Amino acid sequence: MRTTSNPAFRNLPSGQGGGYATFDRQGGGMLGGGAAYADSRAARAGYGRAGAGERPLTVDDVVVKTAITGGVALVAGILTAWSGLFGLALPAIVVGFVVSLIVIFKQSTNPFLVLLYSASMGVALGALTGALEFSGTNFQGIGFQAIVGTAGVFVGMLIVYKTGAVRVTPKFTKWLLGASIGVVVLMLANLVVSFFTTGGLGLRDGSPLAYLFSIVCIGVAAFSLMLDFDMADRAVKEGAPARFSWYIAFGLMTTLVWLYVEILRLLSYLRQE
């Protein structure tokens, strides 16, 4: 049984049959680092099958719940950026992080928790994006570009997965898990070193090395989507209960949040040139 780097999918129950939000230029960044860390942990688990009286999971369930969670995050982000309440970024990150831990460790399929996570991350990303856009003319429109870029990567990786251009094999999964762990270690090392030297290891300061690191992070996050698609596909084929569509939607959101942050960061580097 293959596993995925996404904690939501890997933890499915087993069974038989104040201030302005800015990028941390010296550290790893709470949003990106947190998502990368979450994507690299959790133990192997099965899906469980729908019991008597339960409806089995369908592709439509996954699509609808993912669209709802993504829509909530998008609306929350737009409203936060439009209102200028950028100081909500830190509280939203804390709420989202706590909720994500509850969902992951309790393996919760509670739609309220999943939507609360999406709304919290939407507020955090909206505040971050809004702060960037209002910090100078160089950054105007960066949020729209990041949204389009994230959506484009999502659709592109879905096409790659469905066409079989890149197959999700045990070797591929191990390689990607190792890459995710490596990214997390570098983020943490950069954050620690930044406490003692200006710029840390140079991974988040807009230097050529920072460009390369952001591209690597985007690549790892993008390929993580393939593992997410594969795990959702297997859950459908193995007859997991329909309620796990919320859990799967949560798992996809964690990857999309990380992907958006890294794309936004790379765009901020390019806009400074």
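The values are calculated or read from the model by the stated rules, or taken from the named source; none is laboratory data. Only a predicted model underlies this, so the values are computations on that prediction, with no experimental measurement involved. We place every Cβ from the backbone using ideal geometry, glycine too, and count neighbours over all the protein chains shown. Calculation scope for accessible area: heavy atoms of the full protein, side chains included, ligands and nucleic acids excluded. Shrake-Rupley method; radii C 1.70, N 1.55, O 1.52, S 1.80 Å.
This table checks each residue for (1) over 20 Å from residue 218 (Cα atoms); (2) among the aliphatic types (A, V, I, L, M).
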site: 65; (1), (2): yes, no
site: 94; (1), (2): yes, yes
site: 112; (1), (2): yes, no
site: 115; (1), (2): yes, yes
site: 119; (1), (2): yes, yes
site: 145; (1), (2): no, no
site: 164; (1), (2): yes, no
site: 167; (1), (2): no, no
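So, residue 148, is that one under 21 Å from residue 268 (Cβ atoms) and in a helix (DSSP H, G or I) or not? Answer is yes for this residue. Going by the structure shown, is residue 183 at pLDDT 85 or above and farther than 27 Å from residue 80 by Cα? Here the answer is yes, as residue 183 does meet what is asked.
Consider the stretch 255-273. How many of its residues are of a type in the set (S, T, N, Q) and open to solvent by 10 Å² or more (accessible area, probe 1.4 Å)?
Counting residues in the stretch 255-273 that are of a type in the set (S, T, N, Q) and open to solvent by 10 Å² or more (accessible area, probe 1.4 Å) gives 1.
Anything in the stretch 223-271 that is over 27 Å from residue 187 (Cα atoms), assigned to a helix (DSSP H, G or I) and touching a Pro at 6+ places or on another chain (Cβ under 9 Å)? List them, or say none. Listed by number, the residues that qualify are 236, 244, 246. Just one residue in the set 242, 235 is open to solvent by 10 Å² or more (accessible area, probe 1.4 Å), touching a Leu at 6+ places or on another chain (Cβ under 9 Å) and within 30 Å of residue 112 (Cα to Cα); that residue is 242.
Do you know which residues across the stretch 185-222 are in a helix (DSSP H, G or I) and touching a Gly at 6+ places or on another chain (Cβ under 7 Å)? Quick ask: steps written out before the conclusion?
Within the stretch 185-222, the first condition is being in a helix (DSSP H, G or I), and the residues that meet it are 185-194, 208-222.
Result: 187, 188, 190, 191, 193, 194, 209, 210, 217.
Consider residue 220 carefully, then state whether it is at pLDDT below 90, crowded, with 19+ Cβ neighbours inside 10 Å and of a type in the set (Val, Ile, Thr). Spelling it out, it is not the case that residue 220 is at pLDDT below 90, crowded, with 19+ Cβ neighbours inside 10 Å and of a type in the set (Val, Ile, Thr). The residue list 203, 227, 191, 209 contains one member that is surrounded by fewer than 16 Cβ atoms within 10 Å (Cβ to Cβ) and of a type in the set (A, V, I, L, M), which is 209.
Summed over the stretch 56-111, residues that are aromatic (Phe, Trp, Tyr) and within 18 Å of the chain's Cα centre (by Cα) total 2. Taken over the stretch 144-170, the residue count meeting the criterion of being open to solvent by 60 Å² or more (accessible area, probe 1.4 Å) and β-branched (Val, Ile, Thr) is 5.
The criterion of at least 2 residues that are among the charged types (D, E, K, R), modelled with pLDDT of 55 or more and open to solvent by less than 50 Å² (accessible area, probe 1.4 Å) is met by the following helices (runs of 4 or more DSSP H) wholly inside the stretch 8-126: 59-83.
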